[in-house]
Amino acid sequence: MDEKNFVHELKSPAFSGIIFWAIFSLLGVFSEPRNDFFKESMLMTNLIKQAAVDLVKGKYAIALTGAGISTESGIPDFRGPSGVWTRDPEAERRAYRVYAQFQEDPKRYWIDRLTIPSLLGNLDQYAPNPGHLALAEMEKMGILKWVITQNVDGLHQKAGSRRVLDYHGNAFKLRCVSCGSRFESGDFDLKKIMGEDRLPPLCSGCGGVLKSDVVHFHEPIPSDVAEQSLEEASRCDVALICGTSAVVYPFARLPQVAKQRPPGSKSVIIEINAEPTPLTERGISDYLLQGKTGEMLPKILEEVKGLKGIKK
Ligand code: NAD
C-alpha cells in the first residue's frame, strides 16, 4: 500500500470506526474502575454521615467491639486474614482445651500461663488507637452509654472509656472461681508465688482458687457481665458493632437482642468491619461501613461534632 492509499485507509469510515471504538474502549477501561472508586467513596461518605445522624438522634447508644478494633494497635485478631487462628489452626484446638486443664489441674494451668508466651504477645506494650479514642470521646460527649467488648486487652480503659463491660474478661485481672471477686493481677507477684510452690493463687476473701479473668472457650460468661450486657443490648436504640467476626457465642447474640425491639420502637445496628460478617449477611446490621475502625470511628466522631455544633 502506498502512502496515499494508506492515508485513504485511515480516513475510510470503517477504519475510523475502529479507531473510535478503540479510543472509547480504552477510556472505558481506565474510567470504569475510577467511577467505581468514586461511587464507593461517595457511598462511604454518606454512610459515615448517616451513622453520625443515627448516633445523635439516638437516646441510648452502645458499642459492641471485637478483636478487629485492636489490630491497628498491633494486637492480632483471631479470624481476620492474618489472624492467630487463620495462621495456626492447631493453636485454636489447644485454646479449646485450656478451661478443662484449669478444672483438672489449676497449678499446671498457672505454670503454663507463667512460662508459655501468650498468643497475643505482652499486652502491656500496646497503646489504644484512634478507634478506641473516638469511642472514649463519644462516651464523654454523653452519646455512648456503654462499650461491651470481647477484648481482653484493656485498651478501651486505657483510651479513657469508663463504662466498659469486659465480656470475655480482662487479661490484667484475676477472678475467684468460688465467689467471683476480681483482683488486679499487678497486686500478685505470681512469679514469686510459683518460685515458692504456692500456685494456684487464692482469693483473699473466701480462699477460693483464682484463675485469669479471661474467659476461656467452654467457660461460662461470668453472670454479672452476662446479665448487664444483655440488659444494655435490650435497652439500646443504636448499636455500633466494631471489628468482630460475630461468630463467638453468646456475645454474637447481643446484636440480635439489640435488633429485636418492642412494637413501636426501632433500633439501628451499624456495623464497622474490614469485611462482611454473618450480621451483614443475615440483615441484622442495617448497614456496614466496610473499612478500618481506626479510620471510620474518628470520621464518624467528626461528623457527630459537626452536628452538635462542637468546634473541630
Ligand atoms: P475475630 O478475630 O473473630 O474477628 C475480627 C474481625 O475484625 C474480622 O472480621 C476482621 O476482618 C475484622 N478486622 C480486623 N481488623 C480490623 C480493623 N482494623 N477494622 C475493622 N475490622 C477489622 O475477633 P472477635 O470477633 O472479637 O472474636 C475473637 C475472640 O478472641 C474474642 O472472644 C476475643 O476475646 C478474643 N481476642 C481478643 C483480642 C484482644 O483482646 N485484642 C485479640 C484476639 C482475640
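The values are calculated or read from the model by the stated rules, or taken from the named source; none is laboratory data. What you are looking at is a predicted structure, and each value in this text was computed from that prediction instead of being measured. Cβ placement follows ideal geometry from the backbone for every residue including glycine, while neighbour counts extend to all protein chains displayed.
One table, with the values for the structure above:
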| item | result |
| --- | --- |
| Any strands (runs of 3 or more DSSP E) falling wholly within the stretch 209-304 and containing at least 2 residues that are out of contact with any Gly (no Cβ under 7 Å at 6 or more places or on another chain) and surrounded by fewer than 19 Cβ atoms within 10 Å (Cβ to Cβ) | 287-290 |
| Criterion (assigned to a helix (DSSP H, G or I), outside the structural domain of residue 63 (by TED's automatic domain parsing) and acidic (Asp, Glu)) met by exactly one of 112, 197 | 112 |
| Filter result for residue 45 (more than 16 Å from the ligand (Cβ to nearest atom) and within 21 Å of the chain's Cα centre (by Cα)) | yes |
| The stretch 51-73 - residue that is more than 10 Å from the ligand (Cβ to nearest atom) and within 19 Å of the chain's Cα centre (by Cα) and, of those, surrounded by the fewest Cβ atoms within 10 Å (Cβ to Cβ) | 52 |
| Hits in the stretch 74-93 - residues which are surrounded by 14 or more Cβ atoms within 10 Å (Cβ to Cβ), in a helix (DSSP H, G or I) and not β-branched (Val, Ile, Thr) | 85, 92 |
| Candidate set from the stretch 272-294 (those that are of a type in the set (D, E, K, R) and near the ligand (Cβ under 8 Å from one of its atoms)); member that is farthest from residue 246 (Cα to Cα) | 292 |
| Filter result (more than 14 Å from residue 67 (Cβ to Cβ) and either more than 16 Å from the ligand (Cβ to nearest atom) or free of Cβ contacts under 8 Å to residues at least 60 places away in the same chain (or both)) within the stretch 156-168 | 157, 158, 159, 160, 161, 162, 163, 164 |
| Odd one out for residue 44, checked against (1) assigned to a helix (DSSP H, G or I); (2) at pLDDT below 85 | (2) |
| Of all residues making up the stretch 131-155, the number that are more than 10 Å from the ligand (Cβ to nearest atom), surrounded by 18 or more Cβ atoms within 10 Å (Cβ to Cβ) and in contact (Cβ under 8 Å) with a residue 60 or more places away in the chain | 12 |
